[in-house]
Every structure is written in C-alpha cells, then in structure tokens.
Amino acid sequence: MASMFDSAKQVYGELGVDVEAAFKRLDQIAVSLHCWQGDDVAGFENSGALDGGIQVTGNYPGRARNAEELRSDIDEVLSLIPGKKRLNLHALYAEPGKEKVSRDEIRPEHFANWIAWAKKNNVGLDFNPSFFSHPMMKDGFTLSSPDAEVRKFWIRHGIACRKIAEAFGRELGDTCITNFWVPDGYKDIPFDRLAPRERLRDSLDEIFAVEIDQNCNRDAVESKLFGIGAESCTVGSHEFYMGYAARNKKLLCLDAGHFHPTEVISDKLTSCLMFVDEVLLHVSRGVRWDSDHVVIMNEELKAIAEEVIRHNYDKRVHIGLDYFDASINRIMAWTIGARNMSKALLMALVEPAKQLRDAENSGDFSTRLALMEEIKTLPFAPIWNEYCERHNVPVGTAWIEEVKRYEKSVLAKRA
C-alpha cells in the first residue's frame with residue numbers, strides 16, 4: 001500500500017499538489033455527526049410519533065433505545081471515520097433521569113452525560129432546539145403561532161437551549177453551534193403570509209436578546225422550502241432567514257435537502273458568504289423532496305467540498321451531517337455518509353488548484369475543462385487509504401466487516 005501511495009503522491013505532485021499539506025489541512029476541518037441517525041429522531045422523551053414535517057422510513061433491527069446504546073453506536077462510528085469529529089445533539093436527547101422535565105425547562109445538567117462523553121472522546125458538541133414532535137406544537141405552529149401562550153412556551157425552549165449550548169462550549173472549551181430550525185407552515189394556501197413571519201421574527205428576537213457568551217455558543221438559523229403538512233407555505237423560508245441572518249449577525253444554515261430539487265447549496269455558498277460572516281451546512285441528500293437519504297459521493301457533495309476548499313471557507317463554514325435512514329443498518333448509513341464527507345473534502349484538497357485558476361484567469365477555458373476532466377481519473381484511492389491508515393481507521397472496504405461484526409454482537413441483541 002505504501003508503494004501505491006508513493007506513486008499516487010508523485011502523480012499529484014507533478015500537478016503541483018502537496019498531498020501532505022492536504023492531509024494537515026483536512027485534519028483541521030471538523031465534521032459534526034448527527035446523533036439522530038442512530039435512533040430515528042426518537043429522543044428520550046417518549047412523547048409519541050414524529051410530527052412537524054419529519055418522517056423516518058424503515059424499521060431495520062437494532063435501533064438505539066436509550067442514551068447508553070446510542071453513545072455506544074456513536075463510539076463505533078467514530079472508530080470508522082478519519083479526521084476531526086464533533087457531535088450534533090437535539091434538545092429531545094436530554095437525560096433528566098426519573099425527573100419529568102418540560103422541554104421549556106431543560107437545563108445543562110440534563111446533558112451532563114453527553115458532556116462527560118464528549119470530554120472522554122475529545123469532541124466538540126453542537127446543539128439544536130427541538131421545535132417538533134410535542135403537544136405544544138399547535139396546528140403546525142411554534143414560534144410563529146397566533147397563540148401567544150404557544151409562542152411563549154417555545155421562546156422559553158429556545159432560551160433554555162442557548163444556555164445549554166453555552167454550557168457545552170464553556171465545559172469543553174470549544175464553541176458550540178446552535179441551529180434553529182422551525183417547521184411552522186400551512187398545508188394549504190394562506191391568505192396572510194406576513195403576520196406569521198412577523199411573529200417568527202419577533203420570537204427569534206426575544207430568544208436572541210438573552211445575552212450568551214459568543215465564545216461558547218454561536219447561533220444559526222435554517223430555512224426550508226416545505227415540510228410534510230406545510231406544503232403550501234413555510235414561514236421560515238430561505239429569503240426570511242437569509243435576511244434575518246445578515247441583519248442580526250447569525251450563521252445561515254443551508255441544508256442540502258431544503259430547497260427545490262433543481263437547486264443546490266454548493267452554488268449558494270459564495271453568494272451567501274458575501275453577506276453573512278459564517279455558514280452552517282447540513283449535508284444531506286434529498287431524493288425528489290427533503291427525504292434525508294444517506295450522503296453518497298455524488299456531484300453535489302463534491303461541489304460542496306470544492307466550494308469550501310477553493311475559496312478557503314473552511315474557517316467560515318461549519319459542516320454538519322443531517323440524514324436518517326432506518327431502512328438499512330444505521331451504523332452503516334452513518335459511516336457511509338461521514339466517510340464520504342471527509343473523502344469529498346480530501347478530493348477538493350488535492351485538486352491542482354493553481355493550474356485550474358491560472359487557466360481560468362487567462363481565459364484558457366479549453367485547458368480548464370481538460371484538467372477538470374483528467375483529474376477525475378487520477379489515483380485518488382491510495383491517497384484516501386493512506387489518510388485512513390494514518391488515523392488508525394479501517395482502510396478500503398474493511399470497515400464494512402467491522403459493522404457486520406458489531407451488528408451481530410451488539411445490534412442483534414436489541415429486542
């Protein structure tokens with residue numbers, strides 16, 4: 001394998017690519033794993049079926065049933081993917097013990113086990129308020145509800161979540177990114193689209209008015225084209241949140257599944273980052289709709305990574321994964337997507353960027369196209385395998401057998 005790597009490294013070197021520098025840079029780019037892939041967004045509240053535009057399909061055996069099982073599964077995934085990792089939690093993954101705690105009263109101590117786990121594994125934590133699957137989501141609305149009591153409940157929830165995130169950042173010495181996604185909307189055509197958006201703006205303003213240490217927590221806001229039960233109007237549209245983020249100095253979250261099927265978030269990055277300081281990415285794969293399929297190595301994933309790397313956005317773009325597939329082995333799904341995200345970043349890092357930029361800047365579009373096509377068949381696999389080997393994770397397809405072993409020894413024993 002070493003000789004294959006050396007040969008591949010020489011091929012890239014002849015194009016002006018420093019593979020060792022690419023490895024070092026990739027080591028600094030964190031990918032935030034989403035905890036909800038392991039248990040189908042169930043959480044630990046036992047509050048009933050999913051609602052609020054979220055749907056998980058499939059019933060593959062072995063779903064994590066509690067926090068201990070979920071953390072065990074995450075440990076397995078972390079052992080299979082190279083590079084720098086984080087973990088993204090939703091509020092409904094609190095562990096209050098025997099205490100029954102309302103979602104608007106959750107506190108940092110309810111996430112003490114997650115903090116301890118993060119310290120042990122040397123990973124940062126990110127966070128999300130959970131504005132769905134709850135009795136106080138009335139008629140499809142939370143922060144934009146016409147009912148003042150409903151709005152107040154969810155405002156308290158948002159404030160509580162930011163305080164929890166602040167505690168994450170303080171305890172771990174690593175800034176937490178807290179993402180606000182609100183599923184409010186109308187199933188059929190509304191008469192008034194302005195009033196709910198004004199209510200959403202005012203609710204967010206009230207949440208963000210509470211002072212939080214920016215070194216410990218940064219806030220992001222996430223748009224969506226539509227959701228199940230909100231097909232005709234989503235209050236938190238792209239235009240709403242693009243304006244809100246720019247005006248209020250918030251991170252803008254771009255989810256790969258939250259736009260029209262003909263739109264891609266890779267093309268939005270350069271435009272958005274002209275007007276907002278930072279962007280959060282939720283890397284997913286929508287098939288016909290926001291179906292959160294497992295991330296594969298497709299053209300859009302490669303384009304997302306290329307935009308981040310080509311424009312040196314890796315300090316301004318925070319990368320998180322967001323998909324949940326219960327039709328296949330959940331550990332396999334997690335690992336496929338996470339490895340592909342890191343693989344796409346490495347592909348972008350070993351592009352002959354100078355040659356491509358010089359050709360474009362000189363108007364030599366023929367050479368630009370020729371190079372773009374030739375690099376598609378460069379010997380990348382040995383480069384990726386070497387990176388995995390240096391991080392002591394399985395090389396090539398070896399990780400598949402490890403997941404099968406874990407399924408037989410751990411997942412199969414879950415009722």
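Counting pairs of alpha carbon atoms under 8 Å apart in space and at least six apart in sequence, what relative contact order in percent does the chain give?
So the answer I get is 21 percent.
When the C-alpha to C-alpha distance is required to be over 28 Å, the pairs from LYS302/LYS354; LYS120/LYS404; LYS84/LYS302; LYS98/LYS249 that qualify are LYS98/LYS249. A DSSP coil position with no more than 11 other Cβ atoms inside 10 Å describes the following GluC sites (Glu not before Pro) in region 198-231: GLU211.
D by Stokes-Einstein for region 1-48, Kirkwood Rh over Cα pairs, 25 °C, 0.890 mPa s: 169 µm²/s.
In region 1-153, the ratio of gyration radius to Kirkwood radius, Rg to Rh, stands at 1.12 when only Cα atoms are counted.
Of the cross-linked pairs LYS250/LYS376; LYS163/LYS315; LYS9/LYS408; LYS100/LYS250, those separated by over 27 Å at the C-alpha level are LYS250/LYS376; LYS9/LYS408; LYS100/LYS250. Packing-based ranking of 361-371, 21-31 yields 21-31, 361-371, ordered from highest to lowest mean Cβ neighbour count within 10 Å. The mean sequence distance of close C-alpha pairs (under 8 Å, at least 6 residues apart), as a share of the length of region 64-134, puts its relative contact order at 39 percent. GNM remark for the chain: springs join alpha carbons under 10 Å apart, and the peak mean-square fluctuation among PRO96, PRO190, PRO129 falls on PRO190.
When peptides 300-307, 349-356 are ranked by their average number of other Cβ atoms within 10 Å per residue, the highest-first order is 300-307, 349-356. A protection proxy built from the mean count of other Cβ atoms within 10 Å ranks the segments 110-117, 315-322, most packed first, as 315-322, 110-117.
Taking the DSSP beta bridges with both ends in the chain, the antiparallel portion is around 15 percent.
At 18 angstrom or more along the helix axis (alpha-carbon based) and mean Kyte-Doolittle of 0.5 or higher, what helices does the chain contain? Whole DSSP H runs only. Span-like helices in the chain: 330-349.
For the residues ILE265, ILE375, ILE331, a GNM of the chain with alpha-carbon springs under 10 Å puts the largest fluctuation on ILE375.
Normalised radius of gyration (Cα atoms, divided by 2.2 N^0.38 Å) for region 282-377: 1.26.
Rule-based calculations on the coordinates, nothing more; no lab input. In this text the structure is predicted, and so the values were computed from the model without any measurement. Ideal geometry is used to build each Cβ from the backbone, glycine not excepted, and the neighbour counts take in all protein chains shown.
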